[in-house]
1. Return the average number of partner chain Cβ atoms within 10 angstrom of each residue Cβ along peptide B:100-108.
2. Can you list the aspartates and glutamates whose alpha carbon is less than 19 Å from that of B:Lys30, not counting same-chain residues fewer than 8 positions off?
3. Counting only other residues whose beta carbon sits under 12 Å from that of A:Leu326, what net charge do I get with K and R as +1, D and E as -1?
4. Would you mind finding the longest exposed-site-free stretch of chain B, with exposed chymotrypsin sites (Phe, Trp or Tyr not before Pro) meaning DSSP loop and at most 15 other Cβ atoms within 10 Å?
5. Given a cut-off of under 8 Å on Cα pairs at least six residues apart, what relative contact order in percent is computed for region A:256-356?
6. Can you work out the accessible area per residue across chain B, with the rest of the protein chains kept in place, probe 1.4 Å, in square angstrom?
7. Roughly to the nearest percent, how much of the accessible area of region B:58-194 is carbon and sulfur, given a 1.4 Å probe?
8. Could you work out the mean count of beta carbons from other protein chains within 10 Å of each residue's beta carbon in B:52-64?
Amino acid sequence: MNGIALSVSRGIARVTGAALGPYQTAVIRIGFGATWLLFLLRELPHRHELYGPGSPWGHDLAEQLIADNGAFTVLMWSDGRVWFEIVYALAVLSSVLFLLGWRTRTMSVIFMVGVLSLQNRSVFMGDGGDNVLHLMSIYLVLTRCGQVWSLDARRARRADGARARGERVVDRAGPALWWVFGFVLITLTVTGGLDGDWFVPALLWAVWAAQGLWWAVGRWAGGGEPRILLDVIANIVHNGGLVVIMAEACLIYATAGWYKIQGSRWQDGTAVYYPLNLDYFSPWPALSEALAANGTMVMLITYGTVAVQVAFPFTLFNRRVKNVLLAAMMAEHAVIAVVLGLPFFSLAMIAADAVFLPTSFLRRLGGWAARARAGLPGRLPAGRGDGGGDGGGDGRTGAVPGPRSRKAAESDKDPGHTHVGFRT
Amino acid sequence: MVALVVVAVAVCAHLGLVFLHVAPSNTLTKQHGEAVDEWVFPEFEQNWKLFAPNPLQQNVSVQLRAEVSTADGAIRTTGWYDLSAEDGRGIDGNPLPSHTQQNELRRAWDFFVATHDSDDRPVGLRGTLSEDYLRRIAVLRLDRNDAAGPGGVVERVQYRSRTTNVEPPSWSGEKVSGRPDYRELPWWPVAAGEKEGDAA
C-alpha cells in the first residue's frame with residue numbers, strides 16, 4: 001500500500017514539476033512547422049485554386065458547408081483577394097516563426113489559426129497529411145514546445161546572463177503581441193467573427209487570458225508562489241497535451257492497422273500491389289512496376305505493414321522494440337513519399353512519429369546540427385542549437401522521458417517564460 | 001491538484017471520444033453517437049482508414065465534355081476530355097505533386113458519388129454542393145483546355161466516369177474483367193455567372 005502511495009506521489013511530482021519531453025515537443029514543433037511551410041511554398045502558384053476567392057470550391061459553397069458544421073476559418077470573413085493574400089502570407093510567416101521558436105506560444109496559436117483557416121476553407125482539397133497537421137496544430141498550442149532548439153530558449157539564456165551581470169532586461173515585443181492579440185480577439189468577438197463552433201474561440205481566449213495572467217503575476221508578484229502555481233499548471237497542461245499527441249499517433253496507427261486486418265487484400269498479401277497501380281499514386285510508373293513485380297516481396301511488405309501498425313502502440317512498453325519499429329515506420333513513410341507521390345503526408349507522419357524518438361538520439365541530433373552550423377561560414381555568434389544547455393536529459397524513452405529529462409527542463413531555471421511569450 | 005484532475009479528466013474524455021469516433025459502430029456509439037459527433041466535429045475529425053480495409057483496386061477516370069455555342073451562333077459538342085489523365089500527366093515524374101492534381105478532382109468525384117443515389121439524385125445539402133463544385137471544376141478545366149475556342153461560350157457540361165479494374169498481379173492467377181464500366185451524369189447547364197472561371 002505504501003509502495004503504491006509512494007509511486008503515485010512520485011508520478012504527481014513528475015507531471016507537475018516539469019514540462020516533460022522538451023526535445024520531443026521541440027522536434028515535432030519543427031517537424032510540423034516545416035511540413036506546413038514547405039506545403040504552402042509548394043502550393044504558392046496554386047494557392048488561389050486551392051483556397052482563394054477563385055477556387056472552384058467557391059466562397060459561397062464553403063459558406064454553406066461551414067454554416068452547417070461550424071468549422072473555424074478566418075477566410076469566411078471576406079471573399080476579397082487582399083484578405084486571402086494576407087491570410088496566406090501570415091500562415092507562411094507564422095510557420096517560419098513557429099519553426100524557429102520565436103514567441104513560441106503566441107506563434108503556435110497563429111500557426112493553428114493559419115492551418116485551420118486554409119484547410120477548413122477548402123476541406124475537400126486535403127488528404128491524410130492535412131488531417132494530421134490539423135489535429136497536431138491544435139494540440140501543440142497546449143504544449144511548451146519552445147523549451148529547447150528555439151529562439152525563445154536563446155533569448156532566455158541571454159536574459160539570464162544579462163541579469164547575472166546585473167543588467168535590467170526589458171521585453172517589449174511580448175506585451176505588444178499580447179495587446180495586439182487581445183485587440184483582435186475583442187474586435188472579432190464583438191463583430192461576430194468568432195461565431196460557429198465554440199471550441200477554437202474558447203481556446204484562443206483561454207491562451208490569451210493565461211498569457212496575461214502569467215505576465216501580470218511575473219510583474220507584480222515577482223517570482224513568488226503565484227508564479228510557481230502557474231508554472232505547475234502550465235506543466236500539467238503541457239504534459240496532458242503531450243499525452244494527447246502521443247495517443248493520437250497511436251490511434252492513427254491502430255486505426256490504419258486494425259481496419260486493414262479485415263481487408264481481403266491485406267489477408268491474401270497483395271494489398272501493396274494495388275496502390276502501386278493506381279494512376280493517382282504512381283508518379284514513377286517504372287519504379288512502381290519494379291516494386292510490384294515480385295510477389296513474395298509484395299506479400300512481405302503487405303504483412304509487415306499491418307503487423308507494424310497494429311503492434312506499434314503496444315511496443316511503447318519496451319524501449320528497444322519501440323525504437324526498431326519507429327525506424328521501420330519512418331523508413332516506410334520516406335518510401336511512400338517518393339513511390340506513392342505523397343511527400344507532405346509522409347513528412348507529417350514522420351513528424352508525428354518523432355514524438356517517440358529517444359531523448360539521447362535527439363540530443364545527438366541537436367549536437368550534429370549545431371556542429372553543422374558551426375562549420376558554416378558567417379554564422380551568428382550564439383547558436384540556436386541545444387537550448388537545454390547543461391541539462392542531462394537522457395530520457396529512457398521518448399514516450400516516457402526518464403527522470404533526468406526533468407533536470408534538463410529545470411536547468412533552464414524557469415522554462416515557462418520561454419513560451420508564454422513574454423516577461424518583464 | 002485541481003488542475004491535475006481537470007486536465008486528466010479532459011485528456012481521458014477527449015481520447016475516449018476520439019477513440020469511439022474511429023472505432024467501428026458498437027454498443028457505446030449506438031447509445032452516445034451524437035455526443036461523440038458533437039465533440040469530434042468539426043475540428044477533431046479523423047480519417048485513418050488508409051488503404052483500409054482494402055486498397056482501391058480500380059482506376060477511376062473522370063471525363064468531361066461540353067456544349068459550346070460558337071461565335072456564329074451554332075452549337076457544337078466537344079469530345080471527351082479525360083481530366084484524370086491530365087492529372088496523371090501532371091503527377092508523372094513529379095516529386096512534389098500538387099493537391100490540385102492529386103486531390104481536387106479525385107476527391108470532388110468521391111464527394112459527388114458519396115452524396116448521390118444511384119439515379120444521380122443529390123442527397124441533402126452536400127449533394128447539391130458537390131454538383132456546384134464539380135460544375136465549377138468543369139468550367140475551370142474547360143477554360144484551361146480552351147475548349148470553347150475563340151468567341152465560344154460553354155453552355156452545358158456533362159461528366160462521365162470510366163472505372164477500370166487494376167489487372168490482378170500476374171502471380172495471383174486471378175482474373176477480373178478488363179472492360180471499363182461507365183457512369184454518365186446528365187447534362188448540366190452552366191449559369192451565366194459561372195462561365196468565366198476566374199480561378200486560373
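1. Counting Cβ atoms of other protein chains within 10 Å of each residue's Cβ and averaging gives 6.
2. B:Glu38, B:Glu45
3. Here the charged neighbours net out to +1.
4. B:81-186
5. In percent, rounded to a whole number, it is 28.
6. Heavy-atom accessible area per residue stands at 51 Å².
7. The value for region B:58-194 is 48 percent carbon and sulfur by accessible area.
8. Across B:52-64, the average partner-chain Cβ count within 10 Å equals 6.
The values are calculated or read from the model by the stated rules, or taken from the named source; none is laboratory data. Because the structure is predicted, anything quoted here is derived from the model rather than measured. A quick note on method: Cβ atoms are made from the backbone with ideal geometry, for glycine too, and the neighbour counts reach across all protein chains shown. Just the protein is used for accessible areas: all its heavy atoms, side chains included, with ligands, DNA and RNA removed. Shrake-Rupley method; radii C 1.70, N 1.55, O 1.52, S 1.80 Å.
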